[in-house]
Amino acid sequence: MLRIIFILLMILSFSFADERLYTISPKDAYSLLNDKNTVFIDAEDSETYKKEHIPNSINIDALALQDIAIKNNEKQKCNYLPLCPKTASKIFSEKGLLPKNKFIIYYNELPNKASYIWFLLYSMGVDDKNLRILDGGINAWKAENLPTESGEEKKLPKTNFKVNPRYDVVASKEEVLKHVENYQKGIDDNTILIDTRTFLEFTGRQEMNEIKRAGHIPGAKFVYWRWFAGKETTYKPFEKLQEDIKRLNIDFNKKIILYCTIGNRSSFVFIPLKALGAKNLKIYTGSWYEWGNDENLPIEKEKYRKD
């Protein structure tokens, strides 16, 4: 009897590869495939989704959402949320989602697509306990010989997704600029600004499409987003990440603001930093796309902060 109860609890619980890192193993995810309250989200483009996806999953293209945000100037209009609340509500409602759902988000090769959807849902009020990334993405799912299918998306009935925005997890251009001004004056404002892009982007040696200037925001600390990624898993083991945070000298007692180019890569870093204990953690969602295109804002090149 106790064994039966234990098995039932395992099936009903939202178990994962490492609960501290908001991931779920393929086998545990598979046990929830037919759970009516669990929604699998494929974060790839529609063509990739049509070729192969997890059965009954829905498709929300992470990069397409970024395009919507840029085209409509949504971040600047709505206090730097990834999308305006009305836009997010409309998209999620049309996809048949509800804030109370449990979400398992997966990707093909780039885990930052899944982390962006994770952050978007979180910024719109979904409880982080109900947000998981499929550990290792669809490739790990297939390595376990779990089923996939092809074809068009099977639409869920439309819902009324009521958002409850978390403005405290995003930083505005003005907030970042204030920090930069303090940095230039030698004032410690108890803030760490982290650039999660590549080293070539950070130093200004790599030009970016549709961005006028190369370099980084003055005072930013270089922390490459892939340093947090595992070889076969989405993230490195929790204990290894704890060691890395100490080595990188990221002080969780300070406010931490992350940025990249449009928000995808910084979202990948946001999740483990949150899991590891960062309390005052934000993403500057305008990121380099906004900062690099505003010639009134200061930039640095080549300078590499190791402290």
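A few comments on the model shown:
- Among the residues of segment 161-196, those identified as in a loop (DSSP other than H, G, I, E, B), in contact with a Ser or Thr (Cβ under 6 Å, 6 or more places away or on another chain) and over 30 Å from Glu52 (Cβ atoms) are Val163, Arg166.
- When the residues of segment 189-239 are filtered to those that are over 19 Å from the mean Cα position of the chain (by Cα) and among the acidic types (Asp, Glu), the one that is nearest to Leu273 (Cα to Cα) is Glu239.
- Pro99 being modelled with pLDDT of 95 or more, in a loop (DSSP other than H, G, I, E, B) and either within 20 Å of the chain's Cα centre (by Cα) or in the same structural domain as Asn264 (by TED's automatic domain parsing) (or both): yes
- For first residues located in segment 154-167 and in contact (Cβ under 8 Å) with a residue 40 or more places away in the chain and over 30 Å from Tyr80 (Cβ atoms), partners that are of a type in the set (S, T, N, Q) and surrounded by 11 or more Cβ atoms within 10 Å (Cβ to Cβ) and lie 6+ apart or on another chain with Cβ distances below 8 Å form the pairs Lys154/Asn56.
- Residue selected from segment 24-36 under the condition touching a strand residue (DSSP E or B) at 6+ places or on another chain (Cβ under 6 Å) and outside any helix (DSSP H, G or I), by the criterion nearest to Lys102 (Cα to Cα): Leu32
- Neighbours by Cβ (under 6 Å, 6+ apart or cross-chain): first from segment 64-80, assigned by TED's automatic domain parsing to the domain that holds Ser46; second among the basic types (Lys, Arg) and assigned to a helix (DSSP H, G or I): Ala69/Lys75
- Qualifying residue in segment 156-169 (condition: basic (Lys, Arg) and within 21 Å of Asn253 (Cα to Cα)): yes
The values are calculated or read from the model by the stated rules, or taken from the named source; none is laboratory data. Not measured: the values here are computed from a predicted model. As a convention, Cβ positions derive from the backbone with ideal geometry for all residues, glycine included, and neighbour counts pool all protein chains shown.
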